[in-house]
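Please treat every number below as a calculation from the coordinates, not as lab data. Just so we're clear, the structure is a prediction, and the values are computed from it rather than from any experiment. Here the Cβ is made from the backbone with ideal geometry for all residues, glycine too, and neighbour counts use every protein chain on show.
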Amino acid sequence: MLTEEEILELYRRANAVWFFDYRRGDPTLPHAQLTSNLCADDYFRSDLVLQDTAIAERIGTSIAEKLAERHIAERAQWVVGSAYGGIIISYEVARHLGVRHAYTVKDPANPKRQLWRTEIPAGAVVLRCEDVISTRGTVRDVERAIVEKNPEPVTVLSDVATIVCHSGSGIDDIDITWLATTRVKIWHQDECPLCRDRSPRLPPKENWEKFVHPRA
């Protein structure tokens, strides 16, 4: 099983992780605008890590092993990820568990909303799996989509698996199995100290070079 430090090193090697550099005191350095429209001072890009299929397999195996240790694997009959970040890792986890896989799709009218277009048999047990969990909005929306739109009633486990969790394990009604965790700071825009200091608020993926290679 990959250790937490090994996971973080995979992200560093792929140039797929960014932390706001408070030490520089430079107000022109950007900070992250999340999909939820919140502000954050770190960001992980799993797409840059998981494009290496061998690494994706190793990470999927590690999550599956950790789920087995926690006696969650034996309950799951389906693994579901969200579009787009959760699709690859949820597939790898399902493959290593030997169970079915499915994923949600984004609502064209509202990309923050997940839609369900798969049919899972009545009574099946579903495990949600994501690449990164920060605000928990996506995992809750995946559950909502399945419960509302699946033709038959199914059980969605309160357990969720992820590569990176931004707040540690177990909060509210969600129990998170993670391989690595960080303590990101997240704010509403009107409460964000970085916005107050006039740090540019940018979506990370579309502006990745500005985050990882700021001017010296």
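Rounded, prolate or oblate: which fits region 39-152 when a ≥ b ≥ c are the square roots of the eigenvalues of the alpha-carbon gyration tensor, with rounded for a/c under 1.5 and prolate only if a/b beats b/c? Please report the intermediate quantities before stating the final value.
Values: a/c = 1.71, a/b = 1.04, b/c = 1.65.
It is oblate, given that a/c is not under 1.5 and a/b is not larger than b/c.
Between the listed residues Trp18, Gly137, Thr177, the Cα displaced farthest toward the positive end of the dipole of the chain, a dipole computed from Cβ unit charges relative to the Cα centre, is found at Trp18. Which shape class applies to region 4-212: rounded if a/c is under 1.5, otherwise prolate when a/b exceeds b/c and oblate if not, where a ≥ b ≥ c are the square roots of the Cα gyration tensor eigenvalues? Prolate is the answer for region 4-212, as a/c is 1.5 or above and a/b outweighs b/c. Calculated mean residue ellipticity, 222 nm, the chain: -8500 deg cm²/dmol, from DSSP H runs (n ≥ 4) at -39500 (n - 2.57) each, averaged per residue and rounded to 500. Extending 7 Å from Cα along the Cβ direction at Thr35 and again at Glu5 yields two label points whose distance is 3.2 nm. The distance between label points at Asp47 and His188 comes to 2.9 nm (points 7 Å beyond Cα on the Cα→Cβ vector).
What size of dipole, in debye to the nearest 20, comes out for the chain about its Cα centre when the only charges are +1 on Lys and Arg C-beta atoms and -1 on Asp and Glu C-beta atoms? If you can, show how the numbers build up before the last one.
On the way: 28 positive and 32 negative charges, 113 e Å.
In debye, rounded to 20, the chain gives about 540.
When a footprinting reagent is the concern and you count Cβ atoms within 10 Å, what order do Asp47, Asp131 take, fewest first?
Values: Asp47 14, Asp131 23.
If I rank by nearby Cβ atoms, fewest first, I get Asp47, Asp131.
Residues within the reach of a label modelled at Glu152 (point 7 angstrom out along Cα to beta-carbon, backbone nitrogen below 12 Å), restricted to region 121-144, are 121-125.
Which of Thr182, Thr3 has the fewest other C-beta atoms within 10 Å, and how do the rest follow up to the most? Could you put the intermediate results ahead of the total?
Numbers: Thr182 17, Thr3 11.
Result, fewest neighbours first: Thr3, Thr182.
Provide the percentage of antiparallel DSSP beta bridges, counting only those with both residues in region 4-212; round to the nearest 5. Don't jump to the answer; show the numbers that get you there.
Details: 11 of 33 bridges.
Among the beta bridges of region 4-212, antiparallel pairing accounts for roughly 35 percent.
By the Cβ distance rule (another cysteine Cβ under 4.7 Å), the unpaired cysteines of the chain are Cys129, Cys165.
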